[in-house]
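Below: the structure, in structure tokens.
Please treat every number below as a calculation from the coordinates, not as lab data. No experiment lies behind these values; they were computed from the predicted model shown.
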Amino acid sequence: MKILKTQLLLILLVLYAPKVMAQEITMFSGFWAPEYYQDDKKINKKELEALFIKNDEVQLQWKKAKTQETVAGIATLAELGLLVWAYSEILDDRRPKNERAERALGPLVGSLGSLVIGVIYLTKANRSKKNAILTYNRQFDKQTSFYITPVGNQNGLGLALKF
């Protein structure tokens, strides 16, 4: 019975060893910002960027994502500014109500346009981040954190796990 358990364990190790990957990055949605994990260890954005420096293609995609985030941030600030302008036009007591509505229409339309631009670029930034992480992880597709090699010594033949 003991020999059967040992053989079963060895068979399982041989079958599943190639599926064990090392140092892959994953991204999960957080409340304020995405959270990044290297295997099961949480890492911050600076540590993630330090890992990406080693690969030019990944670094290019990450830089693209940061640029798209910047454009989305600028569009959001423009949206807020246009909303304040529209709000101030609506509350202007010196003008009649219909003139206030006409004067607020331009900033409201501009605010809506800025909102659409911000959402588009934020979506593109998230897609670029995911592509950068997938490209980084692709380098580990054929590697494992350990491998099994046949070993022979005075005790006989067997398999050894090497890390």
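Quick notes
- Relative intensity, log₁₀ I(q)/I(0), of the stretch 21-143 from a Debye sum that treats every alpha carbon as a point, q = 0.10, 0.11, 0.22 Å⁻¹: -0.47, -0.53, -1.16
- Karplus-derived 3J(HN,Hα) values for the stretch 105-115, using 6.51 cos²θ - 1.76 cosθ + 1.60 with θ = phi - 60°, are 5, x, x, 5, 5, x, 5, 5, x, 5, 4 Hz; glycine and proline are entered as x.
- The slack in the chain from Glu24 to Glu57, taken as 0.36 nm per residue of separation less the alpha-carbon distance, amounts to 10.2 nm.
- Close Lys pairs in the stretch 31-163 (alpha-carbon distance under 15 Å; sequence gap of 8 or more, or different chains): 18.
- Using 0.36 nm per residue and subtracting the Cα-Cα separation, the extra length available between Gln154 and Glu47 on full extension is 33.8 nm.
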